[in-house]
Amino acid sequence: MDLGIEQYFKTDPWLASMINKPVYNLSNTLTLDEGYLCKEKTAIYSFLHKESCFCYIKVPIHLLGAIKHLTDIGFNLVDTSVILKMSVSGYALPGNYQGLRFAVPEDEISVCQIAGRAFTFSRFHTDKDFTTDMANQIKTEWARNFFRGKRGEYMVVAYSGELAAGFLQLLYDGQGVLTIDLIAVDSSYRQMGIAQKMIEYALANCSKVGEIRVGTQLVNLASVSLYEKMGFRLMEAYHVMHYHL
């Protein structure tokens, strides 16, 4: 076995703790050299068969050869995602943010409840090797990590009266780029413009934002339509592949 192949496998301790087995993120740098990937298929297969594990990789959509090589090893395509971006400059903010504010610790229960039932298109939900309960739990704990100070710099919550209607979890790189990490609106409050309002609240109130980015599933047409309507434009696209042993 080519020991050099190990450099392409990065452990994911948080996800491993969720599914109780080792988890690896296979670097998509490997797929950029399809010849090397083809040559080292046996080494990759041997690495993954050392133990029961889960592995995932994001592959740029134009690398069809890489998709074939990974399929030969045992990876399955579970999602096609797009990354979109929008410059904040020139975006007309409405100025009316009734029912919106930044999250406080008391929002944790409501936010986690929404996170645990609002997602259907994530790569965990489309991968049939994950149960729906497990996929929902992953999203629940993902949102909970904000309240634990482990993920995200900002969170916006939307309320309808006394009830939480949605939340927006955000990453900030310190250089003016804001990234939508999670966004969800409870089923009872959809088609009311709440997602757009939460994004606009973030643009108006997060400090020094010059650009906002988001990743979403291509199959999630409502989400793609919203972002395009707001002025987001395509940045990149990739296939997500999962491997289970």
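The values are calculated or read from the model by the stated rules, or taken from the named source; none is laboratory data. Since this is a predicted model, take the numbers as computed values, not measurements. When we count neighbours, we look across all protein chains shown, and the Cβ atoms used for this are built from the backbone with ideal geometry, even at glycine. Protein only, heavy atoms only, side chains kept; ligands, DNA and RNA dropped before computing areas. Shrake-Rupley method; radii C 1.70, N 1.55, O 1.52, S 1.80 Å.
So how much slack lies between K50 and M235, counting 0.36 nm per residue of separation and subtracting their Cα-Cα distance, in nm? Could you put the intermediate results ahead of the total?
Working: separation 185, 0.36 × 185 = 66.60 nm, distance 3.68 nm.
Stretched out fully, the K50 to M235 stretch lengthens by 62.9 nm.
Divide by every residue of the chain the summed helix terms, -39500 (n - 2.57) for each DSSP H run of at least 4, and state the resulting mean residue ellipticity at 222 nm, rounded to the nearest 500 deg cm²/dmol.
On the way: 10 runs with 85 residues, N = 245.
Counting only the DSSP helices, I get -9500 deg cm²/dmol.
For the chain, what is the per residue volume of the convex hull drawn over the alpha-carbon atoms, in cubic angstrom? Display every interim value, and only then the final one.
Values: hull volume 32.5 nm³, N = 245.
Taking only Cα atoms, the chain has a hull volume of 133 Å³ per residue.
In terms of modelled amide H atoms, which long-range or inter-chain residues lie less than 5 Å from the amide H of N28?
HN-HN under 5 Å from N28: K58.
Hey, can you find the accessible area per residue of the chain for me, probe 1.4 Å, expressed in square angstrom?
Working: 12270 Å² over 245 residues.
Using a 1.4 Å probe on heavy atoms only, each residue of the chain averages 50 Å².
Kindly write out, for the stretch 139-147 in residue order, the coupling ³J(HN,Hα) from the Karplus curve 6.51 cos²θ - 1.76 cosθ + 1.60 (θ = phi - 60°), rounded to whole Hz, with x marking Gly and Pro.
Working through the residues one at a time gives 5, 4, 6, 4, 5, 4, 4, 4, 6 Hz.
Work out the length of the dipole vector of the chain about its Cα centre, built from +1 on the beta-carbon of each Lys and Arg and -1 on the beta-carbon of each Asp and Glu, and round it to the nearest 20 debye. Can you show the working numbers first?
Details: 23 positive and 25 negative charges, 52 e Å.
So the dipole magnitude of the chain works out to roughly 260 debye.
Can you list the aspartates and glutamates whose alpha carbon sits under 12 Å from that of K208, skipping same-chain ones fewer than 8 residues off?
Filter leaves D173.
For the stretch 174-245, what is the per residue volume of the convex hull drawn over the alpha-carbon atoms, in cubic angstrom?
On the way: hull volume 10.2 nm³, N = 72.
Hull volume over Cα atoms, normalised by residue count, gives 142 Å³.
May I ask for the equivalent-ellipsoid semi-axes of the stretch 1-98, computed as the square root of five times each C-alpha gyration tensor eigenvalue and listed largest first in whole Å?
The equivalent ellipsoid of the stretch 1-98 has semi-axes of 34, 19, 11 Å.
Indicate, rounded to the nearest 5 percent, the antiparallel portion of the DSSP beta bridges found entirely in the chain.
Details: 43 of 50 bridges.
Counting only bridges with both partners in the chain, antiparallel ones make up about 85 percent.
With a 1.4 Å probe and all protein chains left in place, how much of the accessible area of the stretch 148-205 comes from carbon and sulfur atoms, in whole percent? Could the numbers behind the result be given before it?
Values: 1140 of 2680 Å².
Roughly 43 percent, rounded to a whole number.
Expressed as a rounded percentage, what relative contact order does the stretch 136-245 have, with Cα pairs under 8 Å and six or more residues apart?
Numbers: 120 pairs, mean separation 20.0, N = 110.
In percent, rounded to a whole number, it is 18.
With a 1.4 Å probe and every protein chain kept in, tell me what percent of the accessible surface of the stretch 1-118 is carbon plus sulfur.
Numbers: 3310 of 6210 Å².
Carbon plus sulfur share of accessible area: 53 percent.
With θ set to phi - 60°, apply the Karplus curve 6.51 cos²θ - 1.76 cosθ + 1.60 along the stretch 95-108 and write out the HN-Hα couplings as whole Hz, x wherever there is a Gly or Pro.
x, 10, 10, 4, x, 10, 6, 6, 5, 10, x, 5, 7, 4
Placing unit charges on C-beta atoms (Lys and Arg positive, Asp and Glu negative, everything else neutral), compute the dipole magnitude of the stretch 124-234 about its Cα centre in debye, rounded to 20.
Details: 12 positive and 12 negative charges, 28 e Å.
For this selection, approximately 140 debye.
List the trypsin sites (Lys or Arg not before Pro) within the stretch 88-150 that DSSP assigns to loop and that have no more than 16 neighbouring Cβ atoms inside 10 Å. Please report the intermediate quantities before stating the final value.
On the way: sites: R101, R117, R123, K128, K139, R144, R148, K150; in loops: R117, K128, R148, K150.
Those that pass, being in a loop and sparsely packed, are R117, K128, R148, K150.
Cross-link candidates for K197: which lysines have Cα within less than 18 Å, leaving aside residues fewer than 8 places away along the same chain?
Hits, sequence-local ones excluded: K85, K229.
Using the Cα centre of the stretch 1-107 as origin and beta-carbon charges of +1 (Lys, Arg) and -1 (Asp, Glu), tell me which of T42, Y8, P60 is placed farthest towards the positive end of the dipole.
It is P60, whose Cα lies furthest towards the positive end.
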